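Colleague: Next up is a structure, given as structure tokens.
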Amino acid sequence: MRRGILGGTFDPPHLAHLVAGEAAYRELGLDVVTFLPAGRPWQKAGLDVSPAVHRREMTHRAVAGIEYFEADEREVTRDGWTYTADTLDTFPDDEELVLILGADAAAGLPTWQRPEAVLRRARLAVMLRPGVERAAVEAAVGQVHWLDTPLLVISGTLLRARRRAGLSIRFLVPDAVLAYIESAGLYVDADRP
């Protein structure tokens with residue numbers, strides 16, 4: 001089994017996540033790409049993160065109907081802070097793991113808990129992100145597989161800000177994710193209609 005793992009806050013999951021998963025699946029001959037919403041992401045401690053129940057549901061909706069994508073709840077159902085090294089240890093030893101990251105996350109990997117364990121257990125596939133040079137990533141983590149994707153300037157921060165400003169995020173998230181965001185009233189300030 002060759003498994004891609006694409007983790008993140010997924011607040012909300014958006015098209016750049018899906019593009020990265022698709023590129024890794026095709027370019028690396030993966031059997032499946034597992035989307036893992038973070039339970040309690042320790043690097044976002046003190047930041048406003050939507051409850052796991054919403055992020056889990058949006059992730060399921062984002063990958064629904066794509067036979068080689070799956071949503072996995074192992075982090076959102078675990079107590080305490082969630083660390084990638086611990087999560088990777090929960091997959092069978094005989095699976096080949098590819099960790100799919102944006103260049104910003106890859107460049108920051110040395111600051112993670114047990115980064116050496118992450119690099120021992122998984123190969124890295126990296127998507128370019130605005131403002132992060134390839135050299136910075138390779139200096140931080142060594143050789144990676146660079147995904148052949150367009151540079152997409154989409155982030156959860158941007159999408160939440162657009163919603164709070166009353167701007168559309170249609171076509172930046174899957175339709176099913178947008179429907180959930182609207183029905184749950186996510187990312188809208190309390191004083192906005």
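Derivation of every value follows stated rules applied to the coordinates shown; laboratory data play no part. These numbers come from a predicted model, not from an experiment. Note that each Cβ is placed from the backbone with ideal geometry, even for glycine, and that neighbours are counted across all protein chains shown.
Colleague: For segment 98-104, what does the Karplus curve 6.51 cos²θ - 1.76 cosθ + 1.60, with θ = phi - 60°, yield as ³J(HN,Hα) per residue in whole Hz, taken in order and with x for Gly and Pro?
Modeller: Coupling constants for segment 98-104: 10, 8, 9, 9, x, 4, 5 Hz.
Colleague: Check which residues have an amide H placed less than 5 Å from MET127's amide H, if you skip close sequence neighbours.
Modeller: LEU101, GLY102, ALA103, LEU147
Colleague: Hey, another quick one. May I ask for the angle, rounded to the nearest 10°, between helix 15-28 and the longest principal axis of the chain, with both axes built from Cα atoms and the value confined to 0 to 90°?
Modeller: Relative to the chain, helix 15-28 is tipped by roughly 20 degrees.
Colleague: With the convex hull built on the Cα atoms of segment 63-136, state its orientation-averaged projected area in nm².
Modeller: On the way: hull surface 25.5 nm².
Computing the convex hull of the Cα atoms and averaging its projections yields 6.4 nm².
Colleague: Starting from a Cα-only point model with no solvent, please compute log10 I(q)/I(0) by Debye for segment 50-96 at q = 0.15 1/Å.
Modeller: -0.49
Colleague: Sort largest first and round to whole Å: the equivalent ellipsoid semi-axes of segment 17-131, each the square root of five times a Cα gyration tensor eigenvalue.
Modeller: One finds semi-axes of 20, 18, 15 Å for segment 17-131.
Colleague: Taking Kirkwood radius over Cα pairs in Å as the quantity of interest, determine which of (i) 21.5; (ii) 17.0; (iii) 18.2 was computed from the displayed structure.
Modeller: After the calculation, the listed value that fits is (ii).
Colleague: Here's something else I'd like to know. Could you give log10 I(q)/I(0) at q = 0.11, 0.21, 0.25 Å⁻¹ for segment 98-193, computed by the Debye formula over C-alpha point scatterers of equal weight, without solvent?
Modeller: -0.46, -0.97, -1.17
Colleague: Nearest 20 debye, what's the magnitude of the dipole of segment 110-163 about its Cα centre given +1 on Lys and Arg Cβ and -1 on Asp and Glu Cβ?
Modeller: Charge dipole of segment 110-163: 340 debye, to the nearest 20.
Colleague: Kindly write out, for segment 92-97 in residue order, the coupling ³J(HN,Hα) from the Karplus curve 6.51 cos²θ - 1.76 cosθ + 1.60 (θ = phi - 60°), rounded to whole Hz, with x marking Gly and Pro.
Modeller: Taking θ as phi minus 60°, the curve returns x, 4, 7, 8, 8, 9 Hz for segment 92-97.
Colleague: Roughly how big is segment 2-184's charge dipole about its Cα centre, with Cβ charges of +1 (Lys, Arg) and -1 (Asp, Glu), in debye to the nearest 20?
Modeller: So the dipole magnitude of segment 2-184 works out to roughly 660 debye.
Colleague: What's the ranking of 63-76, 5-18 by average number of surrounding C-beta atoms within 10 Å, highest first?
Modeller: Ranking, from highest mean packing down: 5-18, 63-76.
Colleague: Springs between alpha-carbon atoms under 10 Å, Gaussian network over the chain: tell me which of ALA139, ALA107, ALA24 tops the mean-square fluctuations.
Modeller: It is ALA139.
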